[in-house]
Amino acid sequence: ADNVITLFVFWELTSFSSYLLIGFNSDQKPAREAALQALLVTGAGGLALLAGFLLLGQAAGTLEISALLAKGDAVRSHPFYVPIFLLILAGAMTKSAQFPFHFWLPNAMQAPTPVSTYLHSATMVKAGVYLLARLSPVLAGTAIWENVVTPVGMITMLTGAFLSLLQTDLKLVLAYSTVSALGVMTMMLGVGSQPAAEAAVMFLVAHALYKGALFLVVGILDHET
């Protein structure tokens, strides 16, 4: 979507579909609780994102992403820049399970494994990373971007990697390693150089391919045993 409000609508639809799929086994209380938790966390982040988009539109005079990309200097020098950045970052962090919002993603493993594969590893959780990359020409290049986005990604990377080592459930091992991988991508976008951005995009695609395959293998093992 080129319009940020349209983007927001479909952003929230992924949260709603995630809610329905995590709670697929609705007769099980853990599945219902995990579904509600994911909806509340990503939904609250989505509301922050909407507020950020509205302020961004007011600061730049347009809601079209193609037009916004040419108005980075105007946005970065605007009095609303800091709240715009923090609100959009909150939306991206909740969707992409960045620390301290990482807890909902492993709990979402209550979903059937094909759902975990597609929605919670390869696509939906990448939306926050995608958004940061898409809007980096508008928001990046400032001290607050580097001093917030990079440390958030680094802490998420280390937290996810450490917690994955403590798991015995195979899906949880992959879930926490996904959190760590999302942290790596966020950290590289925070660095902001062209090689780092290219590496983040390459890793985004590569991670979807290998982690999707790993989840399906774990699903086969769980099913057969």
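The values are calculated or read from the model by the stated rules, or taken from the named source; none is laboratory data. Model, not experiment: these values are computed from the prediction. Reconstructed Cβ throughout: ideal geometry from the backbone, glycine too, with neighbour counts over all protein chains shown. Remember, those area values only see protein heavy atoms, side chains included, never the ligands or the DNA or RNA. Shrake-Rupley method; radii C 1.70, N 1.55, O 1.52, S 1.80 Å.
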Pair Asp222, Leu158: separation of 7 Å Cα→Cβ label points (nm): 3.0 nm
May I ask you to give the percent of accessible area on the chain that is carbon plus sulfur, with a probe radius of 1.4 Å? 71 percent
Taking 7 Å along the Cα-to-C-beta vector as the label spot, tell me the Leu36-Gln167 distance in nanometres, rounded to one decimal. 2.4 nm
Can you bin the stretch 138-225 into rounded, prolate or oblate? Criterion: square roots of the alpha carbon gyration tensor eigenvalues sorted a ≥ b ≥ c, rounded for a/c under 1.5, prolate for a/b above b/c, oblate for the rest. oblate
Could you give the length gained on full extension between Thr62 and Glu198, defined as 0.36 nm per residue of separation minus the Cα-Cα distance, in nm? 46.2 nm
State the number of lysine pairs found in the chain whose Cα atoms come within less than 22 Å, restricting to pairs 8 or more positions apart or on distinct chains. 7
So, in Å, what gap is there between the alpha-carbon centers of the stretch 102-136 and the stretch 179-225? 10 Å
Each residue of the stretch 105-118 in order: what ³J(HN,Hα) in whole Hz does its phi give by Karplus 6.51 cos²θ - 1.76 cosθ + 1.60, θ = phi - 60°, with x for Gly and Pro? 5, x, 5, 5, 5, 5, 5, x, 4, x, 5, 4, 4, 7
Once amide hydrogens are built 1.01 Å from N within the peptide plane, the residues lying 5 or more places from Asn3 or on another chain with amide H under 5 Å from its amide H are Ile65
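In the chain, which helices (entire DSSP H runs) extend 18 Å or more along their own long axis, judged by Cα positions, while averaging at least -0.5 on the Kyte-Doolittle scale?
Details: long enough: 4-22 (27 Å, 1.66); 29-60 (46 Å, 1.07); 81-95 (21 Å, 1.67); 143-165 (34 Å, 1.30); 170-191 (32 Å, 1.64); 194-224 (45 Å, 1.05).
Length and hydropathy pass: 4-22, 29-60, 81-95, 143-165, 170-191, 194-224.
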Cα shape, the chain, gyration tensor, a/c 1.5 rule: prolate
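Would you kindly state how much longer the chain becomes between Ala70 and Phe16 on full extension, computed as 0.36 nm times their sequence separation minus their alpha carbon distance, in nm to one decimal?
On the way: separation 54, 0.36 × 54 = 19.44 nm, distance 3.25 nm.
Value of the extension gain: 16.2 nm.
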Residue-normalised accessible area of the chain, expressed per residue, 1.4 Å probe, Å²: 45 Å²
